[in-house]
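A short worksheet on the structure shown next.
All of the numbers you see were taken from the coordinates with simple rules; none came from a lab. Remember, predicted model here, so these are calculated numbers, not experimental data. Here Cβ is always computed from backbone atoms with ideal geometry, including for glycine, and neighbour counts include all displayed protein chains.
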Amino acid sequence: MCFAIPKKIEIITKDTITTTDGVIAKNGGLKLEKGDYVLIYGDVVVEKIPKSDATKALHDIVQFK
């Protein structure tokens, strides 16, 4: 089973993003801004998600532990 954990963008460069926790991923062609929440699969950003969805997912992950 594969899944992605929501990450918040801290830095955007030409081809990559860096998240607030230091993960570096390639921009998958999405229009992204600092502060956006994204899903990363492998080393590529695959989807931009609303903050409310990211917050709920992170809350559910913490509850699962």
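Using a 7 Å offset from the Cα along the Cα-to-Cβ direction at both His59 and Glu10, what is the distance between the two label points in nm, to one decimal?
2.5
What FRET efficiency comes out for the pair Lys26/Lys51, r = Cβ-Cβ distance, R0 = 22 Å, nearest 0.05?
Numbers: r = 22 Å, r/R0 = 1.02.
FRET efficiency, Lys26 to Lys51: 0.50.
Mind pulling the angle between the C-alpha long axis of helix 51-64 and the longest principal axis of the chain? Nearest 10 degrees, somewhere in 0 to 90.
50
Taking a temperature of 25 °C and a viscosity of 0.890 mPa s, what whole-number D in µm²/s does Stokes-Einstein yield for segment 6-64 with Rh from Kirkwood over alpha carbon pairs?
Details: Rh = 11.4 Å.
Approximately 215 µm²/s, per Stokes-Einstein.
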